[in-house]
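Reviewing the structure listed below.
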Amino acid sequence: MEQKRVSTNSLEIVRSSRRHFLATIGKGAALAGLGIFGAGSDAAVKGLFGRGLIPAAWGEAEQNLLPKPDMLVHSENPFNGEFPPHLLDDDITPTARHFVRNNSGIPEHAKSRGLHDWKLTVDGEVHKELSLSIDDLTRFPQVTMQAVVECAGNGRSLFTPKVDGTPWIRGAVGCSEWTGVRLRDVLKAAGLKETAVYTGNYGADLPISSGEPFSRGIPIEKAMDEHTLIALKMNGEDLPAAHGFPARLIVPGWIGSAMQKWLNRIWIRDQVHDSEKMSGYSYRIPAYPPAPGDKPPENDMVIATSGTIKSLITKPQSKTSVKIGAPVKVRGHAWAGENKVDKVYISTDFGIRWQETRLIQPAHRYAWYHWETEIAFGNRGYYEIWARAFDDKGNAQPFSQPWNPKGYLGNIIHRVPVMITA
Ligand SMILES: Nc1nc2c(c(=O)[nH]1)N[C@H]1C(S)=C(S)[C@@H](COP(=O)(O)O)O[C@H]1N2
Ligand SMILES: [Mo]
């Protein structure tokens, strides 16, 4: 089940996370004043946290530390936290800025980085059962690629009527660089039987209360796709504890829950994986749009796979003040699940007129597209910058989105308020 929120007030969350952070790291001087919504903190943000800069306190020794500096913490156990859009401006998301989404606790061996008894088992519909150590895995060809990881519940708090579950705003998404081995190379080594249709992925994290451990799966075709990885590194370093040390799946274009962390078993199934998290309302969406608030019968729910067309405005920061006529750089990212981003438009007059932005092609098919433009405002007052992305299949972000019982795959347009002064 999705975890209950610990607080309903995001400012409260920020304060408590910051207090925790200052207490834990004790390097408050360098990082104080970076209140996520704080007016006047922008200069500090730019100085210390400019594009590509990693907070000083987030060195190698602190890679396992949570919360990450300036994270909006939704819950501590299990740990769930995200960043506001203006802190996601980097082209490649630094580990220090990547959201963390856990259904249960982080395994002890991941925290202590113990590898001695770690093994990845591949069993089920295979000719040869495998039990691989990290050394075994590093003998397969290593691949590095940027890939968007996004929680299916990103944007959940923007659904009306409200839905249960971690109230992600817009920051449960990142595009880091992942290094590891192709899942298909490992599956080829095991030799898939003709009966293989789906993977059942398992990790070392145990449920906090009762129920099955978190486990999901992917169809064999996606498992055999050259872009699907067993990742061992994130941004060039061994995976941090929170992100699945020592190994996790990266299933590009698909919802984050497909990307099992602390991976220790891949069970090849002769049917669609039927774990708890593949059933009922878990990571499943209605086959048709229900009336808002209506829960369709379970039989009408289908497994969520690819992400949707989305964009994020990372500059300017929400509530920035600008002078009439002053140039404003607007930029951000866009991504489209299995599809390609075609265009990103922005509007500064509440959606009446739209202007196309410069779209920068991604480093890799499943990496973030970046987009940018420059605007100026001719009048004073409260305005909003709206962004709307289109994919190559004619899909676009909606102004008002269809509802679903768990608030998955929300992609309503992003609106950033700005104050224009004389
Ligand atoms: N073992 C395990 N893997 C997991 C999860 C989990 O709770 N346990 N959460 C999943 C979900 S729902 C998401 S969105 C991604 C989040 O990855 P991240 O924490 O590295 O951002 O991990 C996925 N893999
Ligand atoms: Mo997720």
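The values are calculated or read from the model by the stated rules, or taken from the named source; none is laboratory data. Bear in mind that the values here come from a model prediction, so they are computed numbers and not experimental data. Please note: Cβ atoms are built from the backbone with ideal geometry, for glycine as well, and neighbour counts cover all protein chains shown. These accessible areas exclude ligands, DNA and RNA; they are computed on the full protein's heavy atoms, side chains included. Shrake-Rupley method; radii C 1.70, N 1.55, O 1.52, S 1.80 Å.
Conditions (1) touching a helix residue (DSSP H, G or I) at 6+ places or on another chain (Cβ under 6 Å); (2) of a type in the set (A, V, I, L, M), marked per residue:
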position: GLY105; (1), (2): no, no
position: GLY114; (1), (2): no, no
position: LYS119; (1), (2): no, no
position: VAL122; (1), (2): yes, yes
position: HIS127; (1), (2): no, no
position: ILE134; (1), (2): no, yes
position: THR138; (1), (2): no, no
position: PRO141; (1), (2): no, no
Taking the criterion of being of a type in the set (S, T, N, Q) and near ligand 1 (Cβ under 10 Å from one of its atoms), would at least one residue in segment 232-253 satisfy it? no
Candidate set: segment 97-127, residues that are modelled with pLDDT of 95 or more and away from ligand 1 (no atom under 16 Å from the Cβ); chosen: the one surrounded by the most Cβ atoms within 10 Å (Cβ to Cβ): VAL122
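Check whether at least one residue in segment 255-264 is hydrophobic (A, V, I, L, M, F, W, C), open to solvent by 20 Å² or more (accessible area, probe 1.4 Å), in contact with a Phe, Trp or Tyr (Cβ under 8 Å, 6 or more places away or on another chain) and within 16 Å of ligand 1 (Cβ to nearest atom), and report yes or no.
no
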List, please: which pairs have Cβ atoms under 8 Å, are six or more places apart or on different chains, and start with a residue in segment 344-371 that is among the basic types (Lys, Arg) and end with one that is surrounded by 11 or more Cβ atoms within 10 Å (Cβ to Cβ) and not in a strand (DSSP E or B)? ARG365/HIS227; ARG365/PRO252; ARG365/LYS340
Does any residue in segment 257-273 that is under 15 Å from SER131 (Cα atoms) and away from ligand 2 (no atom under 16 Å from the Cβ) come within less than 9 Å, Cβ to Cβ, of a residue that is acidic (Asp, Glu) and open to solvent by less than 10 Å² (accessible area, probe 1.4 Å) six or more places away or on a different chain, and which pairs are these? none
Per the filter on segment 66-96, residues in a helix (DSSP H, G or I) and either within 9 Å of ligand 1 (Cβ to nearest atom) or β-branched (Val, Ile, Thr) (or both) are THR95
Single match in ALA190, ALA172 (criterion: out of contact with any helix residue (DSSP H, G or I) (no Cβ under 8 Å at 6 or more places or on another chain) and assigned by TED's automatic domain parsing to the domain that holds ILE230): ALA190
The one condition in (1) closer than 20 Å to THR308 by Cα; (2) within 16 Å of ligand 2 (Cβ to nearest atom); (3) under 18 Å from the mean Cα position of the chain (by Cα) that LEU88 fails to fulfil: (2)
Is one or more of the residues making up segment 146-153 farther than 30 Å from ASP89 by Cβ and out of contact with any Gly (no Cβ under 7 Å at 6 or more places or on another chain)? no
Given (1) out of contact with any Pro (no Cβ under 7 Å at 6 or more places or on another chain); (2) open to solvent by less than 60 Å² (accessible area, probe 1.4 Å); (3) of a type in the set (A, V, I, L, M, F, W, C), index of the condition VAL302 fails: (2)
Candidate set from segment 362-406 (those that are in a strand (DSSP E or B) and farther than 20 Å from ALA334 by Cβ); member that is most open to solvent (accessible area, probe 1.4 Å): TYR382
Are there any pairs, at least 6 apart or on different chains, whose C-beta atoms fall under 7 Å, with the first in segment 124-153 and in the same structural domain as TYR202 (by TED's automatic domain parsing) and the second basic (Lys, Arg) and away from ligand 1 (no atom under 16 Å from the Cβ), and if so, which? GLY124/ARG269; GLU125/LYS193; GLU125/ARG269; VAL126/LYS193; HIS127/LYS193; VAL143/ARG182
So GLY325, is it on the phi > 0 side of the Ramachandran plot and either not assigned by TED's automatic domain parsing to the domain that holds LEU88 or not aliphatic (A, V, I, L, M) (or both): yes
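Yes or no: GLU177 under 20 Å from GLN260 (Cα atoms), assigned by TED's automatic domain parsing to the domain that holds ILE218 and out of contact with any helix residue (DSSP H, G or I) (no Cβ under 9 Å at 6 or more places or on another chain)?
In short, yes.
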